[in-house]
Amino acid sequence: MANVIKAVRARCATAHSKTYAGMRVAGQDLPCIVYDLSLEPTVHMPGTAGTKSHFMVTLSAQCIAATLDDAAGVADDLFDAFDGGPFTHTGCKLTAVAMTFETSAEPAENGEHDAERIIAATITLQAKET
């Protein structure tokens with residue numbers, strides 16, 4: 001499982017925006033990507049698929065920026081980081097099988113219209129140890 005997490009982190013790092021696992025670092029400028037992972041080991045028959053581990057991975061990411069246009073640029077960048085694989089990183093091959101994107105906004109804390117804009121991305125990946 002550790003190799004899968006390292007591989008996804010390495011792939012996220014190819015995006016041009018700063019990427020953070022779990023939470024945004026306080027005081028860092030926008031735009032950025034904040035992501036979490038869900039891993040599900042998949043069952044395979046050793047005689048047909050070998051003895052390497054297989055996983056279905058869900059990458060849940062928030063592409064955060066000051067404007068919707070900037071958030072869309074960050075989402076495009078994240079899309080490009082995972083589109084067109086498979087990609088091999090740290091002993092693991094990743095292949096994106098589905099991507100969805102949804103717009104939203106943080107509520108303004110001070111009543112002004114300066115809330116951050118977010119595009120939430122869900123990227124489903126197949127991962128296999130190499």
For residue 99, all conditions in the list (1) more than 17 Å from residue 125 (Cα to Cα); (2) assigned to a strand (DSSP E or B) hold save one; what is the number of the exception?
-> (1)
Within the stretch 53-81, considering residues that are surrounded by fewer than 14 Cβ atoms within 10 Å (Cβ to Cβ) and closer than 19 Å to residue 10 by Cβ, the one modelled with the highest pLDDT | 60
Taking interchain pairs and intrachain pairs at least six residues apart, which have beta carbon atoms under 9 angstrom, with the first residue in the stretch 18-36 and at pLDDT below 85 and charged (D, E, K, R) and the second in a strand (DSSP E or B) and surrounded by 10 or more Cβ atoms within 10 Å (Cβ to Cβ)?
-> 24/18; 24/32; 24/34; 24/62; 24/64; 29/18
Evaluate the stretch 48-56: report whether one residue or more is touching a Leu at 6+ places or on another chain (Cβ under 9 Å) and in a loop (DSSP other than H, G, I, E, B).
-> no
Yes or no: residue 14 within 28 Å of residue 128 (Cβ to Cβ), hydroxyl-bearing (Ser, Thr, Tyr), modelled with pLDDT of 85 or more and assigned to a loop (DSSP other than H, G, I, E, B)?
-> yes
Over the stretch 71-92, the set of residues closer than 10 Å to residue 121 by Cβ and in contact with a helix residue (DSSP H, G or I) (Cβ under 7 Å, 6 or more places away or on another chain) is 82
The lone exception for residue 84 - which of (1) at pLDDT below 85; (2) part of a loop (DSSP other than H, G, I, E, B) it fails = (1)
Exclusive hit being closer than 15 Å to residue 125 by Cα and in contact with a strand residue (DSSP E or B) (Cβ under 8 Å, 6 or more places away or on another chain), set 41, 31 | 41
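The values are calculated or read from the model by the stated rules, or taken from the named source; none is laboratory data. Computed from a predicted model, the values in this text were never measured in an experiment. We place every Cβ from the backbone using ideal geometry, glycine too, and count neighbours over all the protein chains shown.
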